[in-house]
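I have placed the structure first, in the form of structure tokens, so that the comments after it can refer back to it.
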Amino acid sequence: MSTTETVLVIAVWVAVAVFVALRLGPILRRHQPAAVPPYANFTPPPAGARYLACDTTICGHLAIVHAPQPDGTWKCTRCGHIKGGQ
Ligand SMILES: [Zn+2]
């Protein structure tokens, strides 16, 4: 095989490789994971608030932010349940 034929064969292979890469690019990009959603905004709890176990089934007895009330009780910021002073 002469040098000219070798260069021609290499050029054809390069052209085929570029063509295949251009055809496969969009197909491969389709399988990438979706973009990560932005983080949630942080809302600071009210001043003097405490995390207390809420005694209702609405909150599932989980530790929820309770805001202090003037009478010394605590009010759940999720369901509004009033809890005795602790
Ligand atoms: Zn609650």
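No lab work stands behind these numbers, since they all come straight from the coordinates. Just so it is clear, the model here is predicted, and its values are computed rather than measured.
Once phi is turned into θ = phi - 60°, what whole-Hz ³J(HN,Hα) does the Karplus curve with 6.51, -1.76 and 1.60 give for every residue of the stretch 25-33, x standing for Gly and Pro?
Each residue of the stretch 25-33 in turn: x, x, 5, 6, 5, 5, 8, 6, x Hz.
What list of ³J(HN,Hα) values in whole Hz, one per residue of the stretch 65-74 in order, does the Karplus curve 6.51 cos²θ - 1.76 cosθ + 1.60 (θ = phi - 60°) give from phi, with Gly and Pro shown as x?
5, 10, 8, x, 10, x, 8, x, 8, 10
For Thr56, enumerate residues with amide H under 5 Å from its amide H, sequence gap 5+ or separate chain, H modeled in the peptide plane.
Amide H to amide H, under 5 Å and 5 or more residues apart or across chains, Thr56 pairs with His61.
Ratio of the stretch 22-66's C-alpha Rg to 2.2 N^0.38 Å, to two decimals?
Numbers: Rg = 21.8 Å, N = 45, 2.2 N^0.38 = 9.3 Å.
Scaled against compact globular proteins, the figure is 2.33.
Using amide H atoms built 1.01 Å from N in the peptide plane, name the residues 5+ places from His81, or on other chains, whose amide H lies under 5 Å from its own.
Cys76
Counting C-alpha atoms alone, how compact is the chain: give Rg to one decimal and Dmax as a whole number, in angstrom.
Considering the chain through its Cα atoms, Rg and Dmax are 32.7, 99 Å.
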